[in-house]
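What follows draws every value from the coordinates through simple rules; no lab data is involved. Owing to the predicted nature of the structure, the values given are computational and were not obtained by experimental measurement. Here Cβ is always computed from backbone atoms with ideal geometry, including for glycine, and neighbour counts include all displayed protein chains.
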Amino acid sequence: MKDKKTYFITGGGTGGHIYPAIAVADELLKNEKIGKIYYVGNPNNLEASIVKGKSYEFLPVISSGMPRKACFELLKWVFCMLFAWIRCCGYILKYKPDFIFGTGGYVSAPVILAGIVMRVPFVMHDCDANPGLVTRKFAPFAKSISIAFPEAKSKLKNKKCNVNGNPIRTLFSTLSKENARKELGIDDRLTLCVMGGSQGAKTINNATVHILKTLSKDMNIQIIFQTGKKNYDNVIEQLKNVYPDYINDKNLIVKPYFDDMVTVLKASDIAVSRAGSLSISELCASAIAPIFIPYPYAAADHQRKNARSLVDKGAGLYLEDSDVKSETLLSLIKELVNNPQKLSDIQKASSDLAIYDGVKRIVDQIIE
């Protein structure tokens, strides 16, 4: 019998699958009973570059999402996934993992399937209110399931579903609003964060550009605006036209991307945001009143369902992407700014949903 355990970690394609997997892998490595960790992922995806700087080995598997129509591409996909499954079986024979942890998505499918066939126990974590296809299909075979939203439990055929939240950085529980604002060089006035994710969101950006002057000059609000790297130049060009003096406005911080989103969120009172699960967990951990604008083309419409889950609990406002215009967005921001009690109530409801120790909960569940 081995003294120390070997673990396979898998999940990739999007940040919602990768970052929880990485956080859990890092935490598992701190356990003296864990010997080796291998990350199984797609070498062409983001997970490959992230794992490069880690102290565990990356095992490449080529996989992709299933085509929606019956055609040659579907046949090609079947063979691709078959080869991926065979490769994963080979990895299991070679490295002999004691356990597999997966965060869903097509990347984890061949790994989990190989584990089922070769009788390697596994736990899965799903971060959305509407669990992904891979989690739903493999849930009955899992030792247990970790979920971020209570609503997900009814959609999974596994009696051992634990609501653990998502893994978020420790700094969310320790950094104060005062210190966050000092780091950003802003004062204690009402602060709005606008973000469309790391890639930005054109609809949110275009609407925001036309109300920045009103928010700053007329309403005296501080604005932190993350445009996304792809959209930054376009936003600046628009700003030069609609608000030429933006460069001298001390109330504005406009950047393509913030490496340290913890400080940005902890400094903010209100946020305009997409509704990815990790973003929601971080917004709640920052006691922010969010205005959700879900990405309308998210897989299985999970962003709308995530957002609705919070709005139904009084922890946010909601706006459809198709309804985003400068006037509609400004109206919702004013609804919070002009009603301090409503702002406070939403912030409290959001804060009440925060789970700061998601990583520990998930790791405890795996080790059990």
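Take the Cα of V163, step 7 Å toward its Cβ, do the same at K360, and the gap between the two points is 1.9 nm. Across segment 358-367, rounded Karplus estimates of 3J(HN,Hα) from the backbone phi angles (6.51 cos²θ - 1.76 cosθ + 1.60, θ = phi - 60°) give x, 4, 4, 4, 5, 5, 4, 5, 5, 5 Hz, Gly and Pro being marked x. Remark: relative contact order (the chain) = 14 percent; criterion is Cα-Cα distance under 8 angstrom and separation of 6 or more residues. Across segment 267-277, computed HN-Hα scalar couplings (Karplus, 6.51 cos²θ - 1.76 cosθ + 1.60, θ = phi - 60°) run 7, 9, 9, 10, 9, 9, 8, 5, 10, x, 4 Hz from first to last residue, x flagging Gly and Pro. In order along segment 287-297, the Karplus-derived 3J(HN,Hα) couplings, from 6.51 cos²θ - 1.76 cosθ + 1.60 at θ = phi - 60°, round to 6, 9, 8, x, 10, 7, 10, x, 5, x, 10 Hz, and Gly and Pro are given as x. Among the trypsin sites (Lys or Arg not before Pro) in segment 280-368, those placed in a DSSP loop whose Cβ has at most 16 other Cβ atoms within 10 Å are K313, K325. Between segment 146-205 and segment 328-356, the C-alpha centres lie 15 angstrom from each other. Applying 1/(1 + (r/R0)^6) with r as the Cβ-Cβ distance of D260 and K230 and R0 = 25 angstrom yields a FRET efficiency of 0.80. Say each of D188 and E32 gets a label point 7 Å from the Cα, pointing the same way as Cα to Cβ; how far apart are those two points in nm? Once both label points are built, they end up 4.7 nm from each other.
Compute the acute angle (0 to 90°) between the alpha-carbon long axis of helix 340-352 and the principal axis of greatest extent of the alpha-carbon atoms of the chain; round to the nearest 10°. Result, in degrees: 10.
Of the GluC sites (Glu not before Pro) in segment 1-103, which ones lie in a loop per DSSP and count no more than 15 other C-beta atoms within 10 Å?
Hits after loop and neighbour filter: E32.
Pairs of Cα atoms nearer than 8 Å and 6+ residues apart set the relative contact order; for segment 5-163 it is 21 percent. A Förster radius of 45 Å combined with the Cβ-Cβ distance from K325 to F58 puts the calculated FRET efficiency at roughly 0.50.
Look at where the Cα atoms of segment 274-292 and of segment 1-45 average out, and the two centres are 26 Å apart. In terms of its C-alpha gyration tensor, segment 245-295 has a prolate overall shape, because the principal axis ratio a/c (a ≥ b ≥ c, square roots of the eigenvalues) is not below 1.5 and a/b outweighs b/c. Shown for C193, C161, C71: other C-beta atoms within 10 Å of each C-beta, ranked fewest to most, produce the order C71, C161, C193. Qualifying GluC sites (Glu not before Pro) in segment 105-212, where qualification requires a DSSP coil assignment and no more than 13 other C-beta atoms within 10 Å, are lacking entirely. Along the axis of the charge dipole computed for the chain (Cβ charges of +1 for Lys and Arg, -1 for Asp and Glu, origin at the Cα centre), the listed residues F141, I366, I224 are led at the positive end by F141. All other residues whose Cβ lies under 9 angstrom from that of L156 are scored, Lys and Arg at +1 and Asp and Glu at -1, for a net of +3.
Taking Cα atoms only, the orientation of helix 326-337 departs from the longest principal axis of the chain by about 90 degrees.
Beyond 37 Å, what share of the Cα-Cα pairs of the chain remains, rounded to the nearest whole percent?
Counting every Cα pair in the chain, those more than 37 Å apart make up 25 percent.
When you count the other C-beta atoms within 10 angstrom of each residue and take the mean per peptide, 287-299, 211-223 line up highest first as 287-299, 211-223.
Based on DSSP H segments of at least four residues, each scored -39500 (n - 2.57), the chain has a per-residue ellipticity at 222 nm of -12000 deg cm²/dmol. Applying 1/(1 + (r/R0)^6) with R0 = 30 Å to the Cβ-Cβ distance of S154 and V78, what FRET efficiency is obtained, to the nearest 0.05? Once the sixth-power term is evaluated, E becomes 0.45. Residues whose amide H comes within less than 5 Å of that of L317, counting only those at least five positions distant or on another chain, are I291, F292 (H built at 1.01 Å from N in the peptide plane).
Restricting the calculation to Cα atoms, segment 171-352 shows an Rg/Rh of 0.93 when the hydrodynamic-style radius is the Kirkwood one.
Neighbours of S350 by Cβ distance under 15 Å: Lys/Arg scored +1, Asp/Glu scored -1, total +1.
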